[in-house]
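Single-structure report; data block below.
The values are calculated or read from the model by the stated rules, or taken from the named source; none is laboratory data. From a predicted model like this one, the values you see are computed outputs, not experimental measurements. So basically every Cβ, Gly included, is an ideal-geometry build from the backbone, and we count neighbours across all protein chains shown. Calculation scope for accessible area: heavy atoms of the full protein, side chains included, ligands and nucleic acids excluded. Shrake-Rupley method; radii C 1.70, N 1.55, O 1.52, S 1.80 Å.
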Amino acid sequence: MNFFLTNQNNAERIVRFTTSLFLLPAPIIYEASNFSLAQFLVGGILIFNAFSGMCIIYRFFGVNTCRINQ
């Protein structure tokens, strides 16, 4: 069983990457509060999704927005 199956299309990956670029530096720009650390965590998850092309929540619900045959 292959765990890292691509289930996101390229446009969705670009949006996730761009969003993560705004969320990752939150603890540096703002002081390290709980909210900025939560933004950093969400940004880290989004950048993982952008680079791997695999969303765990999509896999859990059986959603696939990618047109690649697997």
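Being in contact (Cβ under 8 Å) with a residue 60 or more places away in the chain and either within 15 Å of T6 (Cβ to Cβ) or touching a Pro at 6+ places or on another chain (Cβ under 6 Å) (or both) is not true of C55. Sort out which residues of the stretch 10-26 are open to solvent by 50 Å² or more (accessible area, probe 1.4 Å) and more than 21 Å from N64 (Cα to Cα), and write them in order of number. Matches in the stretch 10-26: L21, F22. Look at (1) modelled with pLDDT under 95; (2) surrounded by fewer than 17 Cβ atoms within 10 Å (Cβ to Cβ) and you find that N7 fails only one, number (2). In the stretch 45-56, is there at least one residue being open to solvent by 100 Å² or more (accessible area, probe 1.4 Å) and over 12 Å from the mean Cα position of the chain (by Cα)? No, that holds for no residue.
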